[in-house]
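Bear in mind that the values in this text are calculations on the coordinates, not laboratory data. Just so it is clear, the model here is predicted, and its values are computed rather than measured. We place every Cβ from the backbone using ideal geometry, glycine too, and count neighbours over all the protein chains shown.
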Amino acid sequence: MLGFLGLFAVSLVTAGYIVSTFVITTDVIEPFEVEYAILGDGGNYVSGMGSCADYNGDWSAIGDIDVGGLYAGEARKVCAKIENLGEGDLDYTFSGEVVSGLGNLVECTYAFGNPSVTGTVSGLSTVQVGALVNVAGDAAPAIDCEVTLAVDRS
């Protein structure tokens, strides 16, 4: 045991001597600014209405919004404009998840599914991507389905 202690003491002496140190203090800042738009008129979104990448209309930081009822087979294209304020390339996921339905979460989940789009936003640039929120053609009627749409950095 004494031999190990001696070896340990010698290794501490020969490990090195710190000449100088310094400390940096910084914050981590959220690089993404996200705004949303919903494509489609009062009825249905169809592919001829354009893509999110081509959309030139108004964007907003939408909170909760009630789009009214959608019939089976109808859709809305929900677009996200993701601006990367940082210089590093960052991966994102724009996804939708059915989180509730008045006594019928199973029906709501079947009707809408959980759409998802992934990609990368280069540093100091902006992408406009979209997820199609489409009601299945054979969906049963459901009340107050809530679909949470979110942009996550990964």
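Calculate log10 I(q)/I(0) of the chain for q = 0.15 Å⁻¹, where I(q) comes from the Debye formula with a single equal point scatterer on each Cα and nothing for solvent. With no solvent term, the Cα-only Debye profile gives -0.85.
Remark: Val99, Val117, Val78 ranked as Val99, Val117, Val78, counting other beta-carbon atoms within 10 Å and listing the fewest first. Converting phi to 3J(HN,Hα) with the Karplus coefficients 6.51, -1.76 and 1.60 and the offset θ = phi - 60°, the stretch 143-154 yields 10, 6, 5, 10, 10, 8, 10, 8, 10, 10, 8, 9 Hz in sequence order, with x at every glycine or proline.
Relative to the longest principal axis of the Cα atoms of the chain, helix 2-14 runs at roughly 80 degrees. As a length-normalised measure over Cα pairs under 8 Å and 6 or more apart, the relative contact order of the chain settles at 26 percent. Over the chain, DSSP H runs of length four or greater, each weighted -39,500 (n - 2.57), average out per residue to a 222 nm ellipticity of -4000 deg cm²/dmol. Computed from backbone phi with θ = phi - 60° and the Karplus coefficients 6.51, -1.76 and 1.60, the 3J(HN,Hα) list for the stretch 114-129 is 10, x, 8, 9, 10, x, 10, 9, 5, x, 6, 9, 10, 10, 10, 10 Hz; x is used for glycine and proline. Remark: the stretch 101-108, residue by residue, has Karplus-estimated 3J(HN,Hα) of x, 4, x, 8, 4, 4, 5, 5 Hz, where x stands for each Gly or Pro and the curve is 6.51 cos²θ - 1.76 cosθ + 1.60 at θ = phi - 60°. If I take every Cα pair under 8 Å that is 6 or more residues apart in the stretch 48-114, average their sequence separation and divide by the length, what percent do I get for the relative contact order? Result for the stretch 48-114 is 23 percent.
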